[in-house]
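For reference, the structure is listed below as structure tokens.
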Amino acid sequence: MRIEKYVKDRENKYKVTIDGEVYTLYDDVIIKYALLMKSEIEKTLFDEIITLNDELKSYYDSIKYITKKLRSEKEIYEFLKKREIDESIIKKTINRLKNNNLLNEDLYLKSYINDQVNLSNNGPKKIKSNLIKLGIDEEKIDEYLNNIDKSIWQDRIDNYIEKKIRVNHSSSSYMLKVKLQKDLINLGYDREMIIPSITHCDIIDTDIYKRELEKAKRELSKKYSGYELEQKIKMRLYRKGFKNSSIEESNYEE
């Protein structure tokens, strides 16, 4: 096979024309096989060159992927699989990354959990579920999560509740507590930790009730009046979770 042309490319690569076809080869390959000194190569050597070049591409692309943020072994595998890299090359790439400590499950696990605790609202169950999906060993996940003091999770629950109470402008205390419980369970917190915090939180919805009452009057008075209007307003307020005492004591006249 005849080597017809070399052109220096970006990122330590060469465009090499062999028998009329252009191949992008890493300079590692060029140097190893002293290709700049050759004008012809055998087909067996050409195949060896292409295989090594594919392995280097897989490795260097993986490093770029890891540089953006730490990755799990499963993420690397799926990243390379999408690029239709051969299974044998993927295996070599992953082993090389591990040997060079660029793929470290313990480091990844520790970093992921720290980020989740400090930068998200996610609780231990959701964090664990996400890590399992990323291919991390379940026993290791449990070991790391069990080392986190329960008071940290409790503080996160309390802070989440306080924040949602501050920005609440439309939900009754009852409906807000129902939503808080549902949201926190979805975020991966234990019900046993959620319930006491929600039960003891102080939610004053007097102003919200007044706004909802006036809003109901404005909207429903366009269609109803008298006793029927009163009943429609009460039904709406009941559905929104406001207390019976507040509803029964209200004035429904326009």
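Each value in this text was obtained by applying a stated rule to the coordinates, not by laboratory testing. Bear in mind the structure is a predicted one, so any value in this text is a computation, not a measurement. Please note: Cβ atoms are built from the backbone with ideal geometry, for glycine as well, and neighbour counts cover all protein chains shown.
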Next item on the list: For the range 187-230 and the range 74-95, compute the distance between their C-alpha centroids and round to whole Å.
Entry: 53
Checklist line | Karplus (6.51, -1.76, 1.60) ³J(HN,Hα), θ = phi - 60°, over the range 146-159, in Hz, Gly and Pro reported as x | finding: 5, 7, 8, 4, 4, 5, 5, 5, 5, 5, 5, 4, 4, 5
Notebook entry, point to check: In debye, nearest 20: dipole of the range 1-79 around its Cα centre with unit charges on the Cβ of K, R (+) and D, E (-)?
Noted result: 420
Notebook entry, point to check: What is the spread of the Cα atoms of the chain along each of their three principal axes, largest first, in whole Å?
Noted result: 99, 47, 24
Checklist line | Full-extension gain in nm, S151 to S221, via 0.36 nm per residue minus C-alpha separation | finding: 20.2 nm
Next item on the list: Output ³J(HN,Hα) for the range 45-50: one whole-Hz value per residue in order, computed from phi by the Karplus curve 6.51 cos²θ - 1.76 cosθ + 1.60 with θ = phi - 60°, and x for Gly and Pro.
Entry: 5, 4, 4, 5, 4, 5
Item checked: Dipole-positive endmost among L187, G226, L176 within the range 164-241 (Cβ charges, Cα centre) -> G226
Check: Which listed residue (T24, L36, I203) has the Cα farthest towards the positive end of the charge dipole for the chain, taking +1 on Lys and Arg C-beta and -1 on Asp and Glu C-beta about the Cα centre?
Finding: I203
Notebook entry, point to check: Going by how many other Cβ atoms sit within 10 Å of their own, how do L36, L220 line up, fewest first?
Noted result: L36, L220
Checklist line | Mean projected area (nm²) of the alpha-carbon convex hull when the range 177-224 is viewed from all directions | finding: 4.7
Item checked: Links that overshoot a 26 Å alpha carbon limit, given the list K110/K150; K126/K150; K13/K133 -> K13/K133
Note to self: Just want to confirm a number: the relative contact order over the chain, from Cα pairs under 8 angstrom separated by 6+ residues, in percent.
What the structure shows: 11
Next item on the list: Would you please give the residues with an amide H less than 5 Å from that of I18, counting only those at least 5 places away or on a separate chain, with H modeled from the backbone geometry?
Entry: E4, Y23
Notebook entry, point to check: Based on the Cβ-Cβ distance of E228 and T206, what FRET efficiency does E = 1/(1 + (r/R0)^6) give at R0 = 30 Å, to the nearest 0.05?
Noted result: 0.65
Check: Semi-axes, largest first, in whole Å: what does sqrt of 5 times each Cα gyration tensor eigenvalue give for the range 206-249?
Finding: 17, 11, 8
Notebook entry, point to check: Given L107, N121, I132, which one lies farthest toward the positive end of the charge dipole of the range 105-146, if we put +1 on the Cβ of every Lys and Arg and -1 on the Cβ of every Asp and Glu?
Noted result: N121
Check: If you plug each phi of the range 10-23 into the Karplus form 6.51 cos²θ - 1.76 cosθ + 1.60 with θ = phi - 60°, what whole-Hz ³J(HN,Hα) values come out, in order, with x for Gly and Pro?
Finding: 7, 6, 6, 10, 10, 8, 10, 9, 10, 6, x, 9, 9, 10
Item checked: Cα centre as origin, Lys/Arg/Asp/Glu Cβ charges: the range 13-170 dipole, Debye -> 800
Notebook entry, point to check: Once you wrap a convex hull around the alpha carbon atoms of the range 150-200, what is its projected area averaged over all directions, in nm²?
Noted result: 3.3
Check: Where Lys and Arg each count +1 and Asp and Glu each count -1, what net charge lies around R2 among other residues with Cβ under 13 Å from its Cβ?
Finding: -2
Checklist line | Amide hydrogen neighbours beyond the local backbone of D9, cut-off 5 Å, H modeled | finding: Y14, K15
Checklist line | For the range 3-99, Kirkwood radius (reciprocal of mean inverse C-alpha pair distance, Å) | finding: 14.5
